[in-house]
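Written below as structure tokens is the structure these notes are about.
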Amino acid sequence: TNSNHVRLKLFHLNEPLHLSDVLPMLENMGLRVIGETPYRFTTSDNKVYWVLDFSMMYVATTELDIEKHRDNFQQALADIWLGQLEDDGFNRLVLSTGLTGREVSVLRAYAKYMRQIDSTFSQAYIEETFSSYPQIADLLVKMYIRKFNPKLKTRTLNKFIEQIDIRLEDVSSLDDDRIIRRYLDLINATNRTNFYQV
């Protein structure tokens, strides 16, 4: 099997899920649905269940390690479905990094803040930047976690900044470079967070 081929089964009581409800969520996570088969079955207690069996392709240029990302993907998809996570292109990072959906929301929050302080970049453009440089997105969130996680004793951010600086040498677009550096500045300038007040 192609390493970028993904299978997903969704179970629902009484009536099938509508493809039009599920499709945008999957596409925002970097997946293209190439096939969908519904199955209906009735249990011994006369309950009707539907199974939607999706066949999908992961559309990023990198190979997907689905074993590594399965739990984060399933949790993020459930949270998006329940309205606990926003449904946008930032969610592609769940499959391209080791980040959870909630950790990805840190980058989303900064993007929204940048729009409030008159950033020239749209949220969609920022999403594309991090889709192109998922390792940098991962480092930025890890830097944020190192700075604010109350369980961690050390707050030294230098190693993250150094690693991001090294990766910035491979960033060819000046706009992408500006976005990443703005994130660095904003995380450094942040004094407190409610992220750990779950």
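Among the residues of the range 155-198, write down those that are aromatic (Phe, Trp, Tyr) and surrounded by 12 or more Cβ atoms within 10 Å (Cβ to Cβ).
Keep residues of the range 155-198 that are aromatic (Phe, Trp, Tyr), which gives 160, 183, 195-196.
Scanning the range 155-198 gives Phe160, Tyr183, Phe195.
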Open item on the list: Quick check on the range 33-41. Is at least one of its residues buried (at least 16 other Cβ atoms within 10 Å of the Cβ), touching a Ser or Thr at 6+ places or on another chain (Cβ under 6 Å) and of a type outside the set (A, V, I, L, M, F, W, C)?
Closed with: no
Task: Where Arg146 falls short, out of the listed (1) over 25 Å from Gly89 (Cβ atoms); (2) at pLDDT below 95; (3) within 21 Å of the chain's Cα centre (by Cα) - done: (2)
Open item on the list: Take the conditions open to solvent by less than 30 Å² (accessible area, probe 1.4 Å) and hydroxyl-bearing (Ser, Thr, Tyr) and apply them to Ser119. Does it pass?
Closed with: yes
TODO: Only residues that are surrounded by 18 or more Cβ atoms within 10 Å (Cβ to Cβ) and farther than 21 Å from Arg7 by Cβ: list them for the range 69-85, please.
DONE: Leu85
- [ ] Only residues in the range 99-121 that are touching a residue at least 12 places away in the same chain (Cβ under 8 Å) and at positive phi count as the first member; pair them with residues that are of a type in the set (Gly, Ala, Ser) and open to solvent by less than 50 Å² (accessible area, probe 1.4 Å), Cβ under 7 angstrom, at least 6 apart or cross-chain, and list the lot.
- [x] none
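Condition (residue is open to solvent by 60 Å² or more (accessible area, probe 1.4 Å), outside any strand (DSSP E or B), without any contact (Cβ under 8 Å) to a residue 12 or more places away in the chain and among the aliphatic types (A, V, I, L, M)) applied to the range 23-32: is it met by at least one residue? Working first, answer last.
We begin by selecting, within the range 23-32, every residue open to solvent by 60 Å² or more (accessible area, probe 1.4 Å); these are 27, 32.
Then drop every residue that is not outside any strand (DSSP E or B), which leaves 27.
Applying the additional criterion that residues be without any contact (Cβ under 8 Å) to a residue 12 or more places away in the chain yields 27.
So of that shortlist, the ones also among the aliphatic types (A, V, I, L, M) come out as none.
Within the range 23-32 (the criterion being open to solvent by 60 Å² or more (accessible area, probe 1.4 Å), outside any strand (DSSP E or B), without any contact (Cβ under 8 Å) to a residue 12 or more places away in the chain and among the aliphatic types (A, V, I, L, M)), the answer is no, since none of the residues qualifies.
On the basis of being in a helix (DSSP H, G or I) and open to solvent by 10 Å² or more (accessible area, probe 1.4 Å), does Tyr110 make the cut?
On the way: in a helix (DSSP H, G or I): yes; open to solvent by 10 Å² or more (accessible area, probe 1.4 Å): yes.
So Tyr110 fits the description; yes.
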Open item on the list: Of all residues being aliphatic (A, V, I, L, M) and buried (at least 16 other Cβ atoms within 10 Å of the Cβ) in the range 42-56, which is nearest to Arg102 (Cα to Cα)? Just the residue, please.
Closed with: Met56
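Would you call Arg92 more than 22 Å from Ile126 (Cβ to Cβ), among the charged types (D, E, K, R) and part of a helix (DSSP H, G or I)? Reasoning before the result, please.
Details: more than 22 Å from Ile126 (Cβ to Cβ): no; among the charged types (D, E, K, R): yes; part of a helix (DSSP H, G or I): yes.
Against the criterion (more than 22 Å from Ile126 (Cβ to Cβ), among the charged types (D, E, K, R) and part of a helix (DSSP H, G or I)), Arg92 does not qualify.
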Open item on the list: If I ask for residues that are over 21 Å from Thr129 (Cα atoms), assigned to a loop (DSSP other than H, G, I, E, B) and in contact (Cβ under 8 Å) with a residue 24 or more places away in the chain, which ones from the range 142-173 would you list?
Closed with: Asn149, Pro150, Leu157
Open item on the list: Within the range 64-99, take every residue that is modelled with pLDDT of 95 or more and acidic (Asp, Glu) and give me the one that is farthest from Glu128 (Cα to Cα).
Closed with: Asp71
Task: Among (1) acidic (Asp, Glu); (2) without any contact (Cβ under 8 Å) to a residue 60 or more places away in the chain; (3) open to solvent by 40 Å² or more (accessible area, probe 1.4 Å), the one test that Asp65 misses - done: (2)
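The values are calculated or read from the model by the stated rules, or taken from the named source; none is laboratory data. Source: prediction; values computed, not measured. Positions of Cβ are backbone-derived with ideal geometry, glycine not excepted, and every protein chain shown enters the neighbour counts. SASA here: full protein model, heavy atoms, side chains in, ligands and nucleic acids out. Shrake-Rupley method; radii C 1.70, N 1.55, O 1.52, S 1.80 Å.
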